Amino acid sequence: MGRRPVDVEKIVMDLITNDDMAIKKKLAKKIFDIAYKKGIYLSSIHELYMARGKGEFSGFTVPAINLRSMTYDLAAAIFRVAKRNNSGAFIFEIAKSEMGYTAQPPIEYSSVILAAAIKEGFSGPVFIQGDHFQVNAKKFKENQEKELEGLRALITEAVEAGFYNIDIDSSTLVDLGQSDLKKEQYFNYEVCARLTQFIRQIQPRGVEVSVGGEIGEVGSKNSTPEELHAFMQGYKERLRKGRTGISKISIQTGTSHGGVVLPDGTVAQVKLDFDTLKRLSEIAKKDYGLAGAVQHGASTLPAEAFHKFPETDTAEVHLATEFQNMIYESKHFPVDLRVKIYDWLKTNAASERKEGETEEQFIYKTRKKALGPFKKEIMGMPQSTRDAIAKEIEDKFEFLFKQLNAVNNKELVEKYITLKRVIIRKREETKHVVHDGEGAD
């Protein structure tokens, strides 16, 4: 008799529901091994972005999607959309802050994504990104080295888990009180260069991790060409000679993470400055050889706005909050579980309620914080319920891929991305650090 086929879905559920990091890593190794045998490789998008920066292709925007809940089901939905549309350039990402409040450490996130690829029969490169690996400005001011050491530990953990795409967000350190733009951007480009060099030191042999920088903190004033030049000139000066730098740059054009919540709990319409996006994307490509500009905080934009991203040559767009909202607001989501979660928030997130805030605003703003504590209950919903919710969101993924023209590019991706199996060296077990703070779209 032959061997019984491995039940990947059981491994995934065991991994998701087990709190022991050592057991998680053992289960993750099983998934990684199966993925490699199926021709699925965690990869860096760096070379594709470098080719874009050289003008070798254009015409589409890469969707970077944060999955905060039902990660296995929604990743499977994304792979189905990708297969139907012959898509190869799309990114799964999770922010530093999201890892904490969704209870998804890097090794779990990457393993679940790979398992979804196995389930759907997807093969080729899979891109997983650490989003908003953000410097806390207050902690940095108190103790620079301690704050950076925490980020280096997170980067190491993420890279070891197959996150071969890292977005550094040191834009929190921009000092608008300085006398000129380069001084304003000093700590931003200084820290970004230092962390880029650290990534280059620890990245696996044969893998050039794609690194992103950021010049404008989301929710603040719109970025300018002058700020972009000041950052890039300082960054290039600080980067050690011969080191490969960033492949893209995130800018601010009028969005905010999660959107602006109105008193009735709905999200205000946002006017995004596409002219700024186009102008800065052109500068990033022409003057610095980058893939272009990256747009954060876009998931709550009106549907009719998305076709403009490829028109303005936006390299990448980050999408998160709307998919979380669609889970909570789905007609298939159990009413009793939603009530239980919202009641939990009223007690456990009460300190976050602001004076004058309506109940709807409070719930909308804080409900992401319940995704970790209720992860097992959400994944414990009947499969038919999870399938019905995932189908609704799959339709949204399909719409977004088509609006971003992120279709029929699998062969292009395979042309530039070299598949590389990385052998993970055994390290001493370290306790997973729960990351907090702001910074997911």
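Nothing in this text is a laboratory measurement; each read-out follows from the coordinates by a stated rule. These numbers were taken from a predicted model, which means no experiment stands behind them. Every residue, glycine as well, gets a Cβ built from its backbone with ideal geometry; the counts of neighbours run over all protein chains shown.
Side notes on the structure shown:
- In range of the label at Val335: residues from the stretch 347-384 whose backbone nitrogen is under 14 Å from the point 7 Å along Cα→Cβ: none
- Summing Cβ point charges (Lys, Arg +1; Asp, Glu -1) relative to the Cα centre of the chain gives a dipole of roughly 1720 debye.
- For the stretch 1-124, relative contact order (Cα pairs under 8 Å, six or more residues apart, normalised by length) works out to 38 percent.
- Tyr36 versus Glu411: modelled label distance in nm, points set 7 Å from Cα along the beta carbon direction: 3.0
- Average Cα contact separation per residue, the chain, under 8 Å, 6 or more apart, as relative contact order %: 25
- Cα gyration tensor shape of the stretch 99-143, rounded if a/c is under 1.5, else prolate or oblate by comparing a/b with b/c: prolate
- In terms of distances greater than 30 angstrom between alpha carbons, the cross-link table entries Lys146/Lys285; Lys30/Lys138; Lys141/Lys369; Lys146/Lys420; Lys10/Lys331; Lys183/Lys241 yield Lys146/Lys285; Lys30/Lys138; Lys146/Lys420.
- Proximity of backbone amide H atoms, modeled 1.01 Å from N, is registered between Arg353 and no other residue at under 5 Å, excluding neighbours fewer than 5 places apart on the same chain.
- Shape summary: the stretch 126-170 maps onto an equivalent ellipsoid whose semi-axes, from the alpha-carbon gyration tensor, are 22, 11, 5 Å in decreasing order.
- Residues of type lysines that Lys368 reaches as a straight line, Cα spacing below 16 Å, ignoring anything fewer than 8 places off in the same chain: Lys96, Lys340, Lys346, Lys376
- Computed over the chain, the convex hull of the alpha-carbon atoms projects to a mean area of 21.4 nm².
- Remark: Lys278, Lys26 ranked as Lys26, Lys278, counting other beta-carbon atoms within 10 Å and listing the fewest first.
- Furthest towards positive pole of dipole, His132, Leu272, Tyr342, structure part the chain, Cβ charges: His132
- Each residue, Tyr342 and Lys26, gets one label point 7 Å from its Cα in the Cβ direction; the gap between the two is 4.2 nm.
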